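Notes for the one structure printed next.
Every number here is computed from the coordinates shown, using simple stated rules; none is lab data. As the structure is a computational prediction, the values presented were derived from the model and not from experiment. As a convention, Cβ positions derive from the backbone with ideal geometry for all residues, glycine included, and neighbour counts pool all protein chains shown.
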Amino acid sequence: MDSSPPLRSDQPVAVVGAGLTGLAAARRLALAGRPVAVFDAAPEPGGVIRSERHPEGWLIESGPNSMQETPPVAALVRELGLEAARQVASPEAKNRYVLRDGAPRPLPLSPPGFFRSALFSRRTKFRVFREIFRRRRPRRQDLPLADFFREHFGQELLDYALDPFVSGIFAGDASRLSARHAFPALWKAEHEHGSLVRAQIKNAKARRARGEPPGPPPIISFADGLATLPRALATSLPAGSLRLGANVARISPSRAGWILDASPAERFSHLVLALPAPALARLEIGSPGAQTSLASLDHLEHPPVCSLFLGYRREDVAHPLDGFGLLFPSIEKRPLLGVLFNSTLFPGRAPQGRVALTVMIGGARHGDLAREPLEKQLAIVRPQLAEVLGVRSEPVFARRTFWPHAIPQYQLNHDEHLQVIAAAEDRHPGLHIGGPVRDGIGLPACIAAGERLARRCLE
Ligand SMILES: Cc1cc2nc3c(=O)[nH]c(=O)nc-3n(C[C@H](O)[C@H](O)[C@H](O)COP(=O)(O)OP(=O)(O)OC[C@H]3O[C@@H](n4cnc5c(N)ncnc54)[C@H](O)[C@@H]3O)c2cc1C
């Protein structure tokens, strides 16, 4: 029998997970005057955002490398006083290369550029032009992203634009991702307009009418890397809010509020779980005999990815590295997902006279390669970089980071996972779950998820 005093609405809120999602939620709660305690098993806040300045001058990003500065991200950067540390991607990083027939080719950057580009055939260009006249046909059933995109633009644009983009963002396979869940904006655009090109034109007009700058939001980071953002969020919390090295294995609801095994003496009115799916799947929720299980979230596929941060002498790389990076479409049958040109993208990533590249391997198609040791991976990467970027030497610096569960793949059964999460929340008032497991994978989506979770606690 639970004899504790009943729950009060001014009791603290517990947030489990001090990655970007959890920290964004905690900050919003603290700003609203709610006491908050953030638990994380790791010794540092930030989750997968890991930036490290090496004494030789390299700035190593082992996880995410950059983020889109959407208006809410810009507001957060301002609120946290990070404008001076903020870096916008260099204009030199404007090109985005894609491998075609074994050589890097720049992707067109504008509609006129697309119609002038030698990358795509006249047939594909005509297909894109014709898509403007596609009528609205409401679609009831989800379908693989590859099929959705092929229906609009044909095979060549799928192979050389969407497929490498999906490798770069999800480390995923467009034929297995859900169109509705992986790219909800495209799904919505088709639903509302029929044609994706027409939707794009209308959105651009609406943005102009609102006085917003044209084109996508800027790409940003910070002078000391992306970890500046979670560090600033953590510092902005009231003293004592952040409990690092605190693994949460069991959470139990009681009349007096939520109890966490990491701090059994405290009671929390609300519990925010800002955790990736594998961690949610392992959590014990409820008392023995009346448990809620999120174990099925273990089936939400997260292919492994390995990030190789490699430094070279400038003169040993023939390619001008005048871009964001190079993506490898699966049709080119190469073992790499992509290469980021870090030292072009932002200043201060490599010592004088050196360049920094990040090679991504693994993902949905080559998960086994991500698990190989550095030496074996270098043996795979070396001839690829020599052929496509003219890299003539061994790296002078190398750092390997292995992500066993990198990015959730929203596949055609994703609704089942969303239902399991919603059912757990329905069963336990005061429990709120969010982040990439349900809200989108990019860093701006994590910030939005954190804000949403905080609002739910304050309702
Ligand atoms: C290699 C890689 C590259 C990426 N590149 C980009 C990019 O360039 N741009 C972009 O926008 N996005 C990128 N992403 C996606 C983005 O980084 C993530 O979606 C985002 O950082 C996830 O944040 P989060 O707070 O939701 O989760 P996480 O960062 O995973 O944080 C979860 C936290 O929970 C803690 N935790 C787990 N279990 C427990 C437990 N039982 N008890 C207590 N604490 C626990 C962990 O220690 C961790 O700190 C990338 C992701 C990866 C993996």
What angle do you read, to the nearest 10 degrees and between 0 and 90, between the alpha-carbon axis of helix 196-209 and the longest principal axis of the chain? 70 degrees
Given the pairs Lys94/Lys376; Lys333/Lys376; Lys125/Lys205, which are separated by over 25 angstrom at their Cα positions? Lys94/Lys376
Only Lys, Arg (+1) and Asp, Glu (-1) charged, at Cβ; the stretch 298-386 dipole about Cα centre in debye: 240 debye
Residue by residue through the stretch 306-317, what is 3J(HN,Hα) from phi via Karplus (6.51 cos²θ - 1.76 cosθ + 1.60, θ = phi - 60°)? Round to whole Hz and write x for glycine and proline. 10, 10, 10, 8, 10, x, 9, 5, 3, 6, 8, 10
What does the charge dipole of the stretch 120-209 about its Cα centre add up to, to the nearest 20 debye, if the Cβ of each Lys and Arg holds +1 and the Cβ of each Asp and Glu holds -1? 680 debye
Long-range HN-HN contacts of Phe397 with modeled amide H, under 5 Å: Gly311
Degrees separating the helix 374-389 axis from the principal Cα axis of the chain, which is the longest one: 40 degrees
In whole Hz, with x marking every Gly and Pro, tabulate ³J(HN,Hα) for the stretch 326-333 from phi via Karplus 6.51 cos²θ - 1.76 cosθ + 1.60, θ = phi - 60°. 10, 9, 10, x, 5, 5, 7, 6
Which ³J(HN,Hα) values in Hz, rounded to whole numbers, follow from the phi angles of the stretch 52-66 under the Karplus curve 6.51 cos²θ - 1.76 cosθ + 1.60, where θ = phi - 60° and Gly and Pro get x? 9, 8, 7, x, 6, x, 5, 10, 9, 9, 8, x, x, 10, 7
Compare the peptides 16-23, 278-285, 89-96, 333-340 by average per-residue count of other Cβ atoms within 10 angstrom and give them in order, highest first. 16-23, 333-340, 278-285, 89-96
Nearest-20 debye value, the chain charge dipole, Cβ charges on Lys, Arg, Asp, Glu: 1640 debye
For the chain, take the longest principal axis of its alpha carbons; what is the angle in degrees between that and the long axis of helix 122-131, to the nearest 10 within 0 to 90? 40 degrees
Top positive-direction residue, dipole computed over the stretch 183-288 with Cβ charges, set Ala185, Ala277, Ile251: Ala185
